[in-house]
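Trainee: To start, I am sharing the structure in question, which I have written as structure tokens.
The values are calculated or read from the model by the stated rules, or taken from the named source; none is laboratory data. Remember, predicted model here, so these are calculated numbers, not experimental data. Cβ placement follows ideal geometry from the backbone for every residue including glycine, while neighbour counts extend to all protein chains displayed. Just the protein is used for accessible areas: all its heavy atoms, side chains included, with ligands, DNA and RNA removed. Shrake-Rupley method; radii C 1.70, N 1.55, O 1.52, S 1.80 Å.
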Amino acid sequence: MCDFMTEEQLEFYKGQILSQIAKIEERLNSQASQAIATDTNEMADEIDRASVEEARRLELNRIEHDKLHLRKLKTALKRIESDDFGYCESCGDEIGHKRLQARPESRFCVECQSTKEFNDNHVFRRVA
Ligand SMILES: [Zn+2]
């Protein structure tokens, strides 16, 4: 059991996560039907087709982002159920309520997250 968190606080985060999951799933459903709708547009000329493609690409990016977010939220939910919620996966420290309130799906404490982001950026720059 999380010793820095009360039952009520855990319930609060669980509620936050569940409502975010519901919101994203709803958005994903409407996005999917929109993406299919653009497929049927055969009247578009070259330029329109290009902008339709661009719009669809952005839409797919958003969908990918949502799906990733959804996975993180579901992982957080599992962590609540297994009593691991609120602890950094890297160093085991408490993540902190301020951070969890902003992003209940946080898996790392501020320190580990910034180290991780630095590494990610570093690798990204090197590849690019
Ligand atoms: Zn940490």
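Trainee: Loop only per DSSP, at most 12 neighbouring Cβ atoms within 10 Å: give me the GluC sites (Glu not before Pro) in the stretch 40-109, ordered by residue number.
Mentor: In loop regions of the stretch 40-109 (DSSP not H, G, I, E or B), the sparsely surrounded GluC sites (Glu not before Pro) are GLU42.
Trainee: Provide, as a two-decimal number, the C-alpha radius of gyration of the stretch 7-127 over 2.2 N^0.38 Å, N being how many residues it has.
Mentor: So the Cα radius of gyration is 1.39 times the expected 2.2 N^0.38 Å.
Trainee: Projecting each Cα onto the charge dipole of the stretch 7-127 (Lys/Arg +1, Asp/Glu -1 at the beta carbon, about the Cα centre), which of ASN29, GLY92, ILE47 comes out farthest on the positive side?
Mentor: Of ASN29, GLY92, ILE47, it is GLY92.
Trainee: Another question about this same structure. Ordering CYS91, CYS112 from largest to smallest accessible area (1.4 angstrom probe), what's the sequence?
Mentor: CYS91, CYS112
Trainee: For SER19 and ASN121, calculate 0.36 nm times their separation in residues minus their Cα-Cα distance, and state this gained length in nm to one decimal.
Mentor: That works out to 33.6 nm of additional length.
Trainee: Under 16 Å between C-alpha atoms is the cut-off here; go through the stretch 7-127 and count lysine pairs that meet it, provided they're at least eight residues apart or on different chains.
Mentor: 8
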